[in-house]
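The structure appears below as structure tokens.
Computed from the coordinates by the stated procedures, all read-outs in this text should not be read as laboratory data. Not measured: the values here are computed from a predicted model. When we count neighbours, we look across all protein chains shown, and the Cβ atoms used for this are built from the backbone with ideal geometry, even at glycine.
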Amino acid sequence: MGASPPDLPGTHTTENPIDRALTLLLADEVEAALRWCAAAVERDPSNPGAVVITCRLLELLGRTEAALEGFELAVRIAIDAGNLPLAVAAVGDLRKMGVDVGDHLDAVAGAFGQGSPRLQEADSPPPPLPHLEGFQPLSSFLTGPALTSKATQILHAATQGYAEASGSELPLVAPLPLFSALPREALRDLIAAFEMITVPAGRAVVTEGEEGAEAYIVARGELAVSRRPPGDEEAEPITLARLSSGALFGEMALLSRAPRAASVLTSRPSILLVAKRDALEAVAARRPIVGIELAAHCRRRMVANLARTSAVLVAVPAQERATLVERFETRIFEKGDKLVNAGEDAQGLHLVASGEVAVVVDEGGESMVLATLGAGDTVGEVALVLRRKANADVTAVTPTVTLFLPRDEFMSLIVDHPAILHGLYMTAVRRDDETAEALESIPAAVGDDYVLL
């Protein structure tokens, strides 16, 4: 994305100055970026995003001491603003500069970890975007040492102002899903596993169908989650959600190598935290509670995602789905693993959360694929609802994650929610009829690739 012409003195704008600064930074227009971002700090010294980017720019321009002072401030004001990801991003910048960040990680974990006295009971809404009418960047006549000196003065004034305004009582912060469920030491190790990246607008961070091994947290910016309609590769993607500061995405890749279920693109220039599966697995090995809470978080997210498409979950009132989560087990299957074995009694019901499975029958010694199923589909309902042995194998075509409801739990569930049984019964009868018709008509696709040998 090309940089804009130099800003003239007295230029007014309604554009978000931090977005503008990030765009210029990514285009290597460092001085132009600094004019925008330093002016944003001067206007609002409590804006951690503006402070972080200003410090980054000063470091690039050789003002290391000023950058260090500013990053220290950014950690504190990001914590006070309840923005754990941006605080961690500032810590990451300090770490890259060779600073021992142990105390900073302690401060972040101490503020947001389980049992912190700074946590308030109710979530607070995110602060509104600043009113930017008439915003002016620093004068384009400021260049070189004059520009960096001015930006340094602005940062120093912000640091002094913070110190003078700080009272004995620290501001309360809202608890965060997953993170505030962890004890302080476990949270410290978890956030230390993330690294910071900056991404321009319009960039695909996650691509549907690709294998992934990273989880992301939005520190600053906005991203759109989209998915193509099933069976129509040419159709325009459908936007499912928009992610803003604090959102965690891509975490399903931590459970398995299942293909990404959706694409995630930046709508605005964004600062993200990223952690690879290996790093998080190492944390979970040291701190088992991290693995437990990550799995529980992923299970809640799977239920929330499937609630829009699954006949099982649609029939459950929204306010009761949180309780329903506890009944499910997360099951992970590699390519070729069987979810259901033909001729066996039903073990329970699978809801496919990600990946793809094939329904395969043996006809005259030849394996035939009757259907392929993906996210939102149910597996095992024919044998479970019609109370008979399975008439086909169901095999993972790709690495697959399901939510599994054991048979006894299923029977208890339908007592509480009889509408679920009606929906699954109709699905089971339809699929049973389709299977019978397929076996009586032309041969289906040969399924050798799906059979576990």
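Under a 5 Å amide H to amide H cut-off, with H placed in plane at 1.01 Å, what residues pair with S354 once short-range neighbours are removed?
When sequence neighbours closer than 5 places are left aside, the close amide H contacts are V401.
Would you tally the net charge around E222, using a Cβ to Cβ cut-off of less than 11 Å, leaving E222 out, and scoring K and R as +1, D and E as -1?
+2
Sequence-distant or interchain residues sharing an amide H contact under 5 Å with V206, placed H: which?
V264
Please work out the FRET efficiency for the pair A204 and K96, using the Cβ-Cβ distance as r and a Förster radius of 35 Å; give the result to the nearest 0.05.
0.90
Mind listing the phi-derived Karplus ³J(HN,Hα) values for the range 271-287, rounded to whole Hz, using 6.51, -1.76 and 1.60 with θ = phi - 60°, and x for any glycine or proline?
Whole-Hz 3J(HN,Hα) from phi for the range 271-287: 10, 10, 9, 10, 9, 7, 4, 4, 5, 6, 5, 5, 5, 5, 5, 7, 10.
Toward the positive end of the charge dipole of the range 289-408, about the Cα centre and with charges on Cβ (Lys, Arg +1; Asp, Glu -1), which of L294, P406, Q319 goes farthest?
Final value for the positive-end residue is Q319.
Between S168 and A235, what length comes free when the chain is fully extended (0.36 nm per residue of separation minus the Cα-Cα distance, one decimal in nm)?
Here the segment from S168 to A235 would lengthen by 18.4 nm.
Against the longest alpha carbon principal axis of the chain, how many degrees, from 0 to 90 and to the nearest 10, is the axis of helix 30-43 turned?
With both axes taken from Cα atoms, the answer is about 80 degrees.
When the dipole is taken about the Cα centre of the range 17-176, and only Lys, Arg (+1) and Asp, Glu (-1) are charged at their Cβ, what size is it in debye, to the nearest 20?
Roughly 280 debye, rounded to the nearest 20.
Report the convex hull volume per residue for the chain, counting only C-alpha atoms, in Å³.
Convex hull of Cα atoms, per residue: 165 Å³.
How much mean residue ellipticity at 222 nm does the chain get from its helices, if each DSSP H run of length 4 or more adds -39500 (n - 2.57) and you divide by all residues, to the nearest 500 deg cm²/dmol?
That calculation yields -13000 deg cm²/dmol at 222 nm.
Once the other residues with Cβ under 14 Å from the Cβ of A90 are scored (Lys, Arg +1; Asp, Glu -1), what is the net sum?
-2
For the range 17-176, what does the convex hull of the Cα positions come to per residue, in cubic angstrom?
115 Å³
Suppose every Lys and Arg Cβ carries +1 and every Asp and Glu Cβ carries -1, with no other charges. What dipole size does the chain come out with about its Cα centre, to the nearest 20 debye?
The calculated dipole for the chain is roughly 940 debye.
Would you mind working out the magnitude of the charge dipole of the range 9-106 relative to its Cα centre, with +1 at each Lys and Arg C-beta and -1 at each Asp and Glu C-beta, to the nearest 20 Debye?
Dipole magnitude for the range 9-106 comes out near 160 debye.
If the viscosity is 1.567 mPa s and the temperature 4 °C, what Stokes-Einstein diffusion coefficient in µm²/s follows for the range 193-287 when Rh is the Kirkwood radius over Cα pairs?
The estimated diffusion coefficient comes to 94 µm²/s.
At a Cα cut-off below 12 Å, give the aspartates and glutamates reachable from K335, other chains included and same-chain residues fewer than 8 away excluded.
E356, D449
Check R260: other-chain or 5+ apart residues with amide H under 5 Å from its amide H, H built from backbone geometry?
G209, E210, E211, G212
Between 0 and 90 degrees, rounded to the nearest ten: what's the tilt of helix 418-440 against the longest Cα principal axis of the chain?
Approximately 60 degrees, to the nearest 10.
Which whole-Hz ³J(HN,Hα) couplings does the range 234-240 yield from phi under the Karplus relation 6.51 cos²θ - 1.76 cosθ + 1.60, θ = phi - 60°, glycine and proline marked x?
Per residue, the Karplus-derived 3J(HN,Hα) values read 8, 6, 5, x, 9, 6, 9 Hz.
Hey, what D do you get for the range 327-370 in µm²/s if you plug the Kirkwood alpha-carbon radius into Stokes-Einstein at 20 °C and 1.002 mPa s?
Translational diffusion coefficient: 173 µm²/s.
Run the quick spin-label model on E185 and A296: label points 7 Å from Cα toward the beta carbon, then report their separation in nm to one decimal.
1.9 nm
Which angle between 0 and 90 degrees, to the nearest 10, do you get for helix 64-80 versus the longest principal axis of the chain when only C-alpha atoms count?
That works out to roughly 50 degrees.
Over the chain, what relative contact order in percent results from Cα pairs under 8 Å that are six or more residues apart?
About 13 percent, as a whole number.
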